[in-house]
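Take a look at the structure below.
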Amino acid sequence: MGETSAAGRLRPDEAPRQGIGSFFRNIVDFIYEHGRKDEVLARVSPGTRVVCEKPPGWLSWVPSIHIDELETAFLEVAGKDETVELGRICSRNLGTTLVQPVLRMAFLLLGQTPAVLFENLDRFFSLVTRGITFSYTAEGPRSGTVMAHFDGPDTPVAAYHVLQGSLQFIFELCGAPGTAESAEVVESTDASATVRYRVRW
């Protein structure tokens, strides 16, 4: 139990990225509902298996190691497309529950367009994640570039695919057909990683 207890008690400075408990639960539900439970759990650490068996509270914070391991294992067994879909569905669940009041306010004040959401990604993501920041540069009235900065070392490729799915959900939320392209790694160091997504609608 030493590994699990230590991971569960990591301070923010020891876990530069974190996800809210509801996000973690949504990931677990998606994996289990798609029949990948045994394959995924066989590929993660004992500590992460314990957290899956005894999920954290909906509003508690989960160190990114558990989320990263689940997403990476799911990518290995299900492939990129399903991992992107995992991100889209988990974002839909959060966007219609925890984040919904903030989204409604943004739409009321600024309008219901993809550009509005891309310009305010930090505001929305800060409700459910820590250690990920964003910037958006418009390249036209219906296109632009999202830059995502992940704190900490060893951000897995699976996390980039999941975020691509989250960005794809924005178009669904706005009722605007669109595409978030695959992540392009701009920089990856021992301290952080920066990736770029080109979006258009």
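Of all the residues in the stretch 111-135, those that are surrounded by 20 or more Cβ atoms within 10 Å (Cβ to Cβ), aliphatic (A, V, I, L, M) and under 28 Å from Pro63 (Cβ atoms) number 4.
Say whether the condition of being part of a strand (DSSP E or B) and either among the charged types (D, E, K, R) or under 17 Å from the mean Cα position of the chain (by Cα) (or both) is met by at least one residue in the stretch 140-147. Yes, there is a match, as at least one residue in the stretch 140-147 is part of a strand (DSSP E or B) and either among the charged types (D, E, K, R) or under 17 Å from the mean Cα position of the chain (by Cα) (or both). When the stretch 8-21 is limited to residues that are in contact with a helix residue (DSSP H, G or I) (Cβ under 8 Å, 6 or more places away or on another chain) and open to solvent by less than 10 Å² (accessible area, probe 1.4 Å), the one that is modelled with the highest pLDDT turns out to be Gly19. Pairs needed: first member in the stretch 22-44, closer than 20 Å to Asn93 by Cα; second member anywhere, crowded, with 18+ Cβ neighbours inside 10 Å and among the aromatic types (Phe, Trp, Tyr); C-beta distance under 6 Å; at least 6 residues apart or different chains. Hits for this filter: Ile31/Phe74.
Taking the conditions exactly as written (more than 24 Å from Asn26 (Cα to Cα) and either in a helix (DSSP H, G or I) or open to solvent by 40 Å² or more (accessible area, probe 1.4 Å) (or both)), does Val185 satisfy them or not? Against the criterion (more than 24 Å from Asn26 (Cα to Cα) and either in a helix (DSSP H, G or I) or open to solvent by 40 Å² or more (accessible area, probe 1.4 Å) (or both)), Val185 qualifies. Here the condition is being within 20 Å of Trp201 (Cβ to Cβ) and of a type in the set (S, T, N, Q); of Ser60, Ser91, it holds for Ser91 alone. For the stretch 32-53, the set of residues classified as touching a Leu at 6+ places or on another chain (Cβ under 7 Å) and either assigned to a helix (DSSP H, G or I) or at pLDDT below 95 (or both) consists of Val40, Thr48, Arg49, Cys52, listed by residue number.
Among the candidates Ala193, Ala180, the residue that is open to solvent by less than 10 Å² (accessible area, probe 1.4 Å), under 23 Å from Ser64 (Cα atoms) and at pLDDT 95 or above is uniquely Ala193. From the list Val157, Val146, the lone residue that is of a type in the set (A, V, I, L, M, F, W, C), within 29 Å of Asp29 (Cβ to Cβ) and open to solvent by less than 50 Å² (accessible area, probe 1.4 Å) is Val146.
The set of residues in the stretch 66-110 being in contact with a strand residue (DSSP E or B) (Cβ under 9 Å, 6 or more places away or on another chain) and surrounded by fewer than 20 Cβ atoms within 10 Å (Cβ to Cβ) consists of Leu98 alone.
The values are calculated or read from the model by the stated rules, or taken from the named source; none is laboratory data. Quick caveat, the model's predicted, so the values are computed rather than measured. Note: ideal-geometry Cβ built from the backbone for every residue, glycine included; neighbour counts use all protein chains shown. Remember, those area values only see protein heavy atoms, side chains included, never the ligands or the DNA or RNA. Shrake-Rupley method; radii C 1.70, N 1.55, O 1.52, S 1.80 Å.
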